[in-house]
Number of protein chains: 2
Amino acid sequence: MISENKLDAAVRELFDGIAFTAEPAGLYDPLRYMISIGGKRIRPRLCLLAYSLFRDTIGEDVAEPARALEVFHSFTLMHDDIMDRSPLRRGKPTVWKKWNPDTAILSGDVMLIDAYRRIARCGNAAVISLFTETAAQVCEGQQLDMEFESHDDVSMEEYEQMIGLKTAVLLACSARIGAMLSGASEPVCEALYNYGYELGMAFQIADDYLDAFGDEAVFGKPIGGDIINCKSSWLNVRASELAADKPGFRRALSAPATTEEEKGAKITFVKNIYTELGVDKEATGAIEAYSARAMDAVAGIGLSSVRIEALNRFVANLTGRVK
Amino acid sequence: MISENKLDAAVRELFDGIAFTAEPAGLYDPLRYMISIGGKRIRPRLCLLAYSLFRDTIGEDVAEPARALEVFHSFTLMHDDIMDRSPLRRGKPTVWKKWNPDTAILSGDVMLIDAYRRIARCGNAAVISLFTETAAQVCEGQQLDMEFESHDDVSMEEYEQMIGLKTAVLLACSARIGAMLSGASEPVCEALYNYGYELGMAFQIADDYLDAFGDEAVFGKPIGGDIINCKSSWLNVRASELAADKPGFRRALSAPATTEEEKGAKITFVKNIYTELGVDKEATGAIEAYSARAMDAVAGIGLSSVRIEALNRFVANLTGRVK
């Protein structure tokens, strides 16, 4: 097994080696930009963590697939930002804003191809196949997310299916690929897939919760973005289910807010409904439940307590800011 | 070897089996639409032709990669049509026009992933790697094409590099994959790559020529599209090199034309310059030269005359309408 400090260093090193200096520069510069503004490298870290449970050193066999997971994730962000008209990503201009939508489309395409280049280098057909099925599911999740914008009656079942596809399957895939490349047995690989999936659900609900109730400095983006942009989230889907005056709640949620004053008022108003209905507490309960299910998934596969503890810390790190 | 009639039937059958009925329908419907309006299936046909030179039956080992080449090509069209603001493709509304640009982005993404699913099924790492390098080159070609729109001094060398990337490498890749999967030797595979590349150059220049001098009923789209839309083409790049009054020619080429009368006048005016400068004859000469180079590429690898004849007929079919 590999220590957490060594894992941190290995994740950092992964991206020191990504240059994207091919020509034409106008095509590849946005790839370098996306990776350079990139955040916590959750997916490659999870891949290396799963691998490290069964190995003592990180080899090139897992380094390129781990990079592929981050490159793929960045590709989805580049295209999602066009579709969502998002001007900022991690406080920086999005690619379609900094360059233009055409560049964001084409550079995103070549970024997806670059992800395939890296994943294919492992030469493991089952890994490539899992990556493909996951990539298609992520697109399906984004499609549902877009379709939900014009529905005002998204059920919690539909919402959780959507975030499962858009977010959780890629974490599941990341953990499973790490385990597969370490040579772990099929049941262990499957357990790590399930761990990643439940973790991904907890992570997305935590993200939705922090968007309304987080600390802006810690969360890293303005609070209330989902409320202002009328995006569906775990909180408003659940509130919509619980509200006595459903049409009234949905009207409040879809009301436009342009000035800073209107935005502030809308955020306060909607958050008050959340706390009155208790959906904030329900959300933290759901995060805990999914976190527990993640740990249940890896409970019966004979991992030592130090390994279970490492997996538990990863869950806590991804969801911990909620508490 | 397989007869041309059997090859025709095999190409048709390839796409009878493509349904794209996965969910959500809003994501997959545009894929089915693109394949249904699809034209001559040049890339899968070339792949099967190369394969058929060395085999007597078409197996599933080559069918899925052959489909992948068409699916990939359709993905590039779906995204290119957004970037080029093209309202029509083969006389039908483009995906971004029929649905919307967001749908065209996301359905294009999942179409690229579908192409990878199919190419990966062959389980041949060298084939997957060639596909990836080619896919990246096609994006590089599209990037150059977009960059050239704001340059008014594209040289013939730059233009031919661009069409080499945007068009010729995919035909080269198609021929090479067919040969690789048939079990042909490395020099034979390389010769078929070069055949496909030169053929691709001839094909693109023929397309540029027919855009100005073709018969609308045979060409399948309105004549003069490149002239009206100020797209760079072999003809206008060469004319710009030859024109005594370069600024005057470039002004004429970039002059807006909105009414049918203005469009007709612009097309006639620019075509007159082409014939005065003799670039129409130069273009047919270039098509013949590239066609000859395609046949030269496969001259020294010991193919029987019936096989050489089949390759020659393919070149003639792709460029023959010029004569």
Among helices (runs of 4 or more DSSP H) lying entirely in the range A:23-100, which contain 3 or more residues that are surrounded by 24 or more Cβ atoms within 10 Å (Cβ to Cβ) and not aromatic (F, W, Y)?
A:25-36, A:42-52, A:60-83
Single match in B:A104, B:A136, B:A126 (criterion: small (G, A, S), in a helix (DSSP H, G or I) and more than 10 Å from chain A (Cβ to nearest Cβ)):
B:A126
If we keep just the residues of the range B:229-261 that are part of a helix (DSSP H, G or I), of a type outside the set (S, T, N, Q) and in contact (Cβ under 8 Å) with a residue 60 or more places away in the chain, which is nearest to B:T284 (Cα to Cα)?
B:W234
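Do you know which residues across the range B:308-319 are touching a residue at least 60 places away in the same chain (Cβ under 8 Å) and surrounded by fewer than 18 Cβ atoms within 10 Å (Cβ to Cβ)?
Answer for the range B:308-319, where residues must be touching a residue at least 60 places away in the same chain (Cβ under 8 Å) and surrounded by fewer than 18 Cβ atoms within 10 Å (Cβ to Cβ): just B:R313.
Residue by residue, here is whether (1) under 23 Å from B:D145 (Cα atoms); (2) within 24 Å of the chain's Cα centre (by Cα); (3) not small (G, A, S) holds:
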{"site": "B:R251", "(1), (2), (3)": "yes, no, yes"}
{"site": "B:Y274", "(1), (2), (3)": "yes, yes, yes"}
{"site": "B:E288", "(1), (2), (3)": "no, yes, yes"}
{"site": "B:M295", "(1), (2), (3)": "no, yes, yes"}
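Yes or no, residue by residue, for (1) loosely packed, with under 13 Cβ neighbours inside 10 Å; (2) under 30 Å from B:E190 (Cα atoms); (3) in contact with a Ser or Thr (Cβ under 7 Å, 6 or more places away or on another chain):
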position: B:R238; (1), (2), (3): no, no, no
position: B:E260; (1), (2), (3): yes, no, no
position: B:K266; (1), (2), (3): no, no, no
position: B:T284; (1), (2), (3): no, yes, no
position: B:A297; (1), (2), (3): no, yes, no
position: B:V306; (1), (2), (3): yes, yes, no
Could you list, in sequence order, the residues of the range B:147-186 that are more than 21 Å from B:R67 (Cβ to Cβ) and of a type in the set (K, R)?
B:K166
Exactly one of A:T132, A:T167 is closer than 28 Å to A:A310 by Cβ and either surrounded by 21 or more Cβ atoms within 10 Å (Cβ to Cβ) or among the β-branched types (V, I, T) (or both), and that residue is A:T167
Examine the range B:178-187 for a residue that is touching a Ser or Thr at 6+ places or on another chain (Cβ under 6 Å), in the same structural domain as B:L253 (by TED's automatic domain parsing) and surrounded by 21 or more Cβ atoms within 10 Å (Cβ to Cβ), and state whether such a residue exists.
no
Residues satisfying the stated conditions in the range A:107-123, i.e. among the small types (G, A, S) and at the interface with chain B (Cβ under 7 Å from one of its Cβ atoms):
A:A120, A:G123
Quick count over the range A:37-90, residues being without any contact (Cβ under 8 Å) to a residue 24 or more places away in the chain and small (G, A, S), is 2
Per the filter on the range A:212-228, residues in contact (Cβ under 8 Å) with a residue 40 or more places away in the chain and assigned to a helix (DSSP H, G or I) are A:A212, A:F213, A:V218, A:F219, A:I227
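Just checking, which of B:E149, B:E158, B:E64 is more than 27 Å from A:I128 (Cβ to Cβ), more than 9 Å from chain A (Cβ to nearest Cβ) and at pLDDT 95 or above?
Selected residue: B:E158, the only one of B:E149, B:E158, B:E64 that is more than 27 Å from A:I128 (Cβ to Cβ), more than 9 Å from chain A (Cβ to nearest Cβ) and at pLDDT 95 or above.
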Qualifying residue in the range B:200-211 (condition: in the same structural domain as B:L318 (by TED's automatic domain parsing), out of contact with any Cys (no Cβ under 9 Å at 6 or more places or on another chain) and not in a helix (DSSP H, G or I))
no
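Being more than 16 Å from B:Q142 (Cβ to Cβ), aliphatic (A, V, I, L, M) and more than 19 Å from the chain's Cα centre (by Cα) narrows it down to one of B:V62, B:V71, so name that one. Talk me through it step by step, then tell me what you get.
Values: B:V71 fails: more than 19 Å from the chain's Cα centre (by Cα).
Exactly one residue qualifies, and that residue is B:V62.
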Every listed condition ((1) closer than 21 Å to B:G26 by Cβ; (2) within 10 Å of chain A (Cβ to nearest Cβ); (3) β-branched (V, I, T)) holds for B:T94 save (2)
Tell me the residue from B:R85, B:R89 that is at pLDDT below 95, more than 14 Å from chain A (Cβ to nearest Cβ) and under 28 Å from B:S150 (Cα atoms), please.
B:R89
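The values are calculated or read from the model by the stated rules, or taken from the named source; none is laboratory data. Here the structure is a predicted model, which is why all the values come from computation and not from measurement. Note: ideal-geometry Cβ built from the backbone for every residue, glycine included; neighbour counts use all protein chains shown.
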